[in-house]
Structure formats: structure tokens, C-alpha cells
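Q: Structure incoming, see below.
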Amino acid sequence: MPDSVPEPPAAPRRPDEGPSAVRLRVGLRAEGGTVVVSPVGELDHDSAALLGARLHEAIGQADDRVVVDCDGLAFCDSTGLNLLLTTRAEAERARLALVLAGLRPSVARMFEVTGARTVFDIRADLGSALAG
């Protein structure tokens with residue numbers, strides 16, 4: 001088992017961006033009454049605010065649920081897990097479901113070890129999450 005998590009593929013940079021690596025990118029798109037949030041990269045203390053803002057935006061736009069497509073998420077630490085737990089509560093207050101889809105083994109392991117798997121609706125992939 002490797003001792004480190006490899007860096008995700010770098011996103012193209014604008015000329016005015018500095019040399020620091022892009023650690024997380026977050027896509028957002030509507031699919032009917034569902035909003036899909038797609039984080040790509042590493043979710044940790046330094047990148048959680050970006051995902052948090054996009055999740056909050058998704059909750060404001062969704063009619064019935066928010067799906068977090070975790071297929072591109074290479075790493076998630078306790079800060080990321082806490083963000084997802086907080087978002088789950090925010091979604092419930094808005095009467096929305098929060099569904100996680102496509103957890104990679106390294107991310108799924110955190111959910112198993114912490115017991116968080118029992119409080120989330122986790123689907124094998126994005127297709128099954130969108131199907132209901």
C-alpha cells in the first residue's frame with residue numbers, strides 16, 4: 001500500500017495563476033430536479049472551502065436531491081468528511097436528499113472506519129444515484 005496519495009492530473013492554468021498545484025476542482029450541473037456536484041482531486045483542510053461553497057450553491061438550486069459524484073475524488077480527510085456531514089444536515093433542513101456516488105476505495109475506507117457509511121445514502125456510481 002503506498003505511503004502517499006498521488007497528485008491528481010493538473011488542470012490547465014491561466015497565465016495569471018501561480019505555480020501552486022491545483023488540488024481540487026469542482027463541477028456543478030443540473031439534471032432535472034437533481035444537482036450533481038463533481039469534486040476532482042483531494043478534499044482536505046486546504047480545499048474544503050471550495051467544495052463547501054459549491055455544495056451550498058447546489059442545495060440552493062436543487063428541487064429534490066444533491067448528488068456528490070465522488071468518482072474523481074482521490075483523497076478525503078476528516079475535514080472533508082465533516083464537511084459532507086454538515087452538508088447532509090443542511091440538505092435535510094432544506095428537505096433534500098444528499099447522495100454520494102462512486103466512492104473510490106481510499107475514500108470509501110474512511111467512511112467504513114468512521115462509521116459514516118451508515119448515515120449517508122451511498123450509491124455505486126453516478127448512474128445509480130441519478131436513477132433514484
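The values are calculated or read from the model by the stated rules, or taken from the named source; none is laboratory data. Because the structure is predicted, anything quoted here is derived from the model rather than measured. To get the accessible areas, we keep the full protein, side chains included, count just its heavy atoms, and leave off ligands, DNA and RNA. Shrake-Rupley method; radii C 1.70, N 1.55, O 1.52, S 1.80 Å.
Q: Hey, could you grab the Kirkwood Rh for segment 59-106? Inverse mean 1/r over distinct alpha carbon pairs, Å, one decimal.
A: On the way: mean 1/r = 0.0879 Å⁻¹.
Kirkwood hydrodynamic radius for segment 59-106: 11.4 Å.
Q: Give me the compactness ratio for segment 21-98, meaning the Cα radius of gyration over 2.2 N^0.38 Å.
A: 1.01
Q: Next up: Measuring from centroid to centroid over Cα atoms, what is the spacing of segment 39-65 and segment 96-132 in Å?
A: Each part's Cα centre sits 15 Å from the other's.
Q: Could you please put T34, T79 in sequence from largest to smallest accessible area, using a 1.4 Å probe?
A: Highest to lowest solvent-accessible surface, that is T79, T34.
Q: For segment 79-128, what number results from the quotient of the Cα radius of gyration and 2.2 N^0.38 Å?
A: Relative to the rule-of-thumb radius for its length, segment 79-128 sits at 1.12.
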